[in-house]
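Report on the following structure.
What follows is calculated from the coordinates using simple rules that are stated; it is not laboratory data. Quick caveat: nothing in here was measured; it's all calculated off a predicted structure. Every residue, glycine among them, receives a Cβ derived from its backbone with ideal geometry; neighbour counts consider all protein chains shown.
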Amino acid sequence: MFDTTSPLPPLPGVGYKPQHYSAIHNDPAPVGWFEVHAENYMGDGGRPLAQLRALSDRFPISVHGVGLSIGGPDRLDAEHLARLKHLVGWLNPASFSEHLAWSTHDSAFLNDLLPLPYTPATLARVCDHVDEVQEALGRRMLLENPSSYLAFAESTLDETDFLNEVVRRTGCGLLLDVNNVFVSATNLGYSPQDYIARFPMAAVGEIHLAGHDEDHDDFGAPLLIDSHGREVADPVWALLDMVLDRAGPLPLLIEWDNDVPDWPVLAAEAARAAGALARLTA
Amino acid sequence: MASHAETGFRTALLRGDAPVPKGLTDGAGRPAGRRFNVYRNNVAVALREALEVGFPAVAKLIGPENFARAAGMFLRAHPPASPLMMHYGAGFPEFLERLEALRGIGYLGDVARMELALRQSYHAADAPALDATRLAGMDEAALMRARLVPAPALRLLRSDWPVLSIYRFTMEPGQPKPPARAEAVVITRPDFDPLPHLLPPGGAGFLAALIKGGTFGAAVETAGPDFDLSATLSLLLQQGAFSDLLTD
């Protein structure tokens, strides 16, 4: 029903921050595309929309939603879906993605990506929601694997099997967040390499990379926090090599949302991502 | 249908004192414990930070600890009703005014209202400003019957307090101490940055009548005896306060 290849270029991208607007226009290298959070561009006008229009004149844009609550038991918010349709309609971005998570409960938006159990019931719910989004937007979406700090005892499906089944039933693509894989695997005590080996790589249209913080749980076990506030960690770069060896070149996004540094620091992270892509053809 | 663990998860999230819900583990069968608090903390911090970004002058006026306490109470009582965080906190001014501990700071609610108005103006729709020469070419009778259409980014705030002077004194170093007086503030957005201005005498009544859709003549009449028409009009036109002029 939908195009199955990602129109984002297999280049480094960066999560767009308004404070970098001038620096990007002076020298974007080596960044080839940008990602924006959908909800930040749903105002009626002003600087945010003007900047996004100018940015989209020069670069492919990925729209990344954080507010649809695809993993939640509530019905999707029709008003929010309509706002998304409007944004995707005028911007015509190269990609639209959302999360395997929930954020809204009884009409209260909690501004965080929250976890769901993996069961046949939640699988059916997520597939219904993905179908509804793809139908409303008239395009294929990418669904992102979450970072997890705990597990639901009732879960009967592995996350990779769950995602694989969503892809099979809805035709959606996947956004593979390699930092989330490392964070979740460390926190829940499984092998991130096994996770990557099992991941339905043919469906992946985009990669996310971000930094995490280290903490520990009640038993002294390591607990990594998906903080998006520092450089991508070395073991995550190593996992990325494994992903690219399996999948081939893909669009690689650097996410840095807290304690956002000056542009050259982000450009240096993007350059490291460019190096990971160059290794494939070396 | 939500499972028991899902329902428990959702209910306990916004309640800092609630026990960690059942059915959550560390992935190896041990209870999740403080792992759940990562989510609880993320939610509270994300919403509190949204309020800090939206109300920086209020945060400065009452200090970080008081602000964190007020924001924590607000976000539990009034979590966002939509995923558009740019709109979050519309009820914060009234909430602050009802907090017993902050009753002594009478102007706090109006400072919050002004910050809210600045944020609304920032995200309002774009519209080209009315060309002021269109007024100059009209005869007086036609002008009195005409209606000025407020630009989408225009906001008006009338306060019993020196709200703009307090805001500037709080946010900009070197500003004079606020005088004891009532202030009426108009917020315009000639470009992309909302600008607050003090309205000349009578200007607030005049502008309020125009915003309600009244004619120019009716607005002048409601403005009061000390109304300074030329100062008010030149400020508003120069700042792009109107997007159109409707004549009959």
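Can you compute the helix-only [θ] at 222 nm over chain B? Use -39500 (n - 2.57) per DSSP H run of at least 4 residues, normalise by all residues, nearest 500 deg cm²/dmol.
It comes out at -14000 deg cm²/dmol, rounded to the nearest 500.
Label-point separation (nm) for A:ASP245 and A:GLN19, each offset 7 Å from Cα along Cα-to-Cβ?
3.8
Let me have the 222 nm mean residue ellipticity of chain A computed from DSSP H runs of 4+ only, each contributing -39500 (n - 2.57), with the sum over all residues rounded to the nearest 500. Working shown, then result.
Details: 9 runs with 113 residues, N = 282.
For chain A, the value works out to -12500 deg cm²/dmol.
Once you keep just the Cα pairs under 8 angstrom separated by 6 or more residues, what percentage relative contact order results for the stretch B:127-248? Each step should come with its number before you reach the end.
Numbers: 213 pairs, mean separation 46.2, N = 122.
Value for the stretch B:127-248: 38 percent.
Normalised by the residues of chain A, what does the relative contact order come to in percent, with Cα pairs under 8 Å and at least six apart? Intermediate values should be presented prior to the final figure.
Numbers: 537 pairs, mean separation 55.2, N = 282.
Computed value for chain A: 20 percent relative contact order.
Cα centroids of the stretch B:213-248 and the stretch A:1-73: how far apart, whole angstrom?
Distance between centres, Cα-based: 41 Å.
For the stretch B:127-248, just the Cα atoms, rotate onto the principal axes and tell me the three extents in Å, largest first.
Between the extreme Cα coordinates on each principal axis of the stretch B:127-248 lie 47, 34, 21 Å.
In whole Å, what are the extents of the stretch A:203-253 along the principal axes defined by its C-alpha atoms, from largest to smallest?
Here the Cα extents, ordered largest to smallest, are 39, 20, 20 Å.
Between A:ARG140 and residues 5 or more places away or on another chain, which pairs have amide H atoms under 5 Å apart, with H built 1.01 Å from N, and which residues are they?
Amide H neighbours of A:ARG140: A:ASP3.
Could you compute Rg(Cα) / (2.2 N^0.38 Å) for the protein assembly as shown, with N its residue count? All intermediate terms of the calculation are to be shown ahead of the outcome.
Working: Rg = 26.1 Å, N = 530, 2.2 N^0.38 = 23.9 Å.
After normalising by residue count via 2.2 N^0.38 Å, the value is 1.09.
Please list, or write none, the lysines whose alpha carbon is within less than 21 Å of the alpha carbon of B:LYS60, excluding same-chain residues fewer than 8 places away.
Filter leaves B:LYS177.
Of all trypsin sites (Lys or Arg not before Pro) in the stretch B:37-128, which ones are in loop regions per DSSP and have a Cβ with at most 13 other Cβ atoms within 10 Å?
Working: sites: B:ARG40, B:ARG48, B:LYS60, B:ARG69, B:ARG76, B:ARG98, B:ARG103, B:ARG113, B:ARG119; in loops: B:ARG103.
Qualifying residues, ordered by number: B:ARG103.
Counting only Cα, what are the radius of gyration and maximum Cα-Cα distance Dmax of the stretch A:12-281, in Å?
17.9, 52
Starting from the Kirkwood radius over alpha-carbon pairs of the stretch B:1-105, derive D by Stokes-Einstein at 4 °C in a medium of 1.567 mPa s and give it in µm² s⁻¹.
On the way: Rh = 15.4 Å.
It comes out at roughly 84 µm²/s.
So how do A:GLU206, B:GLU52, B:GLU100 line up by other beta-carbon neighbours within 10 Å, fewest first? The partial results should precede the final answer.
Working: A:GLU206 26, B:GLU52 15, B:GLU100 6.
The fewest-first ordering by Cβ neighbours comes to B:GLU100, B:GLU52, A:GLU206.
Using only C-alpha atoms and all pairs of different ones, pull out the Kirkwood radius for the stretch A:40-184 in Å with one decimal.
On the way: mean 1/r = 0.0626 Å⁻¹.
This gives a value of 16.0 Å.
Regarding chain B, what's the average projected area of the Cα-atom convex hull, expressed in nm²?
On the way: hull surface 73.9 nm².
One quarter of the hull surface, i.e. the mean projection, equals 18.5 nm².
Could you calculate, for the stretch B:76-118, the ratio of the Cα radius of gyration to the Kirkwood radius, expressed as Rg to Rh? Spell out each step's value before the answer.
On the way: Rg = 11.2 Å, Rh = 11.1 Å.
So for the stretch B:76-118, dividing Rg by the Kirkwood Rh gives 1.01.
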